[in-house]
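Taken together, the values in this text are just the output of simple stated rules run on the coordinates, not laboratory data. Nothing here was measured: the structure is a model prediction, and the numbers come from that model. Ideal geometry is used to build each Cβ from the backbone, glycine not excepted, and the neighbour counts take in all protein chains shown.
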Amino acid sequence: MDPESQSERTSSTVSEAEAEPETVLVRVPADPDYLAVIRSASAHVATKFGCTLSEVADLRLAVDEASGLLLRHTVGDRRDPGAGDLECLFVLEPAVLRVVLSRQAQDVARPADDDFGWTILSALVDDIIWRVDGPTVHVEIVKRRTAGS
C-alpha cells in the first residue's frame, strides 16, 4: 500500500472530538481606535464557525464590549507601552467558539456584575469569564453552536 493512501485513510478516521482546534491570534495596540480590527476579525471567525448573520452581529458586539471593558478596567504599564497591547485569541472547536481577550496591566478593577457593559455582554454570549493571571487580565467569551448548526 502506498504511504499517501494510508495517510488519507488515517486522517479521515480522526473524529471531530480529536481534531485540533483552529486558532487565530490578533494583537493590536490597547487603543479604542484599533478595536475595529478585532471587530472585523470576530465577524470573519464567527462566519467560519457557521454562525447566522444575527449570531455574527451578536458576537461582534460582544467582542467589542469585552474589549471595551478590558480597556476601561485596566491600566497598562506606562514604562513599557507595547506590553499592554490587546490580544484576541479565537479558538474554534467543533461545538464551541472561544474568544479570549488579554492584556498585561498594572492596575485592574473587575467590572461589577451589574455594570451595563457586563449585562449586555451576558445577554449576547453563553458564558463570560474574567480572570487575572499575574500581570495579565483575560476576558473569555464562550459561544456554543446551536442545535441546528
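Give me the net charge of Val139's neighbourhood, meaning all other residues with Cβ under 13 Å from the Cβ of Val139; Lys, Arg count +1, Asp, Glu -1.
-2
Length gain on complete extension for the stretch Val37 to Ala95, per 0.36 nm per residue less the alpha carbon to alpha carbon distance?
This chain segment gains 18.4 nm when fully extended.
Which Cα, out of Ala57, Leu71, Trp118, lies furthest along the positive dipole direction of the range 52-123 (beta carbon charges, K/R +1, D/E -1)?
Leu71
Rounded, prolate or oblate: which fits the range 104-149, taking a ≥ b ≥ c as square roots of the Cα gyration tensor eigenvalues, rounded meaning a/c under 1.5, else prolate when a/b beats b/c?
In terms of gyration-tensor shape, oblate.
Among 108-121, 57-70, 40-53, how do they line up by average Cβ neighbours within 10 Å per residue, starting with the highest?
57-70, 40-53, 108-121
Between Asp107 and His138, how many nm apart are label points set 7 Å from Cα along the C-beta direction?
About 2.5 nm, to one decimal.
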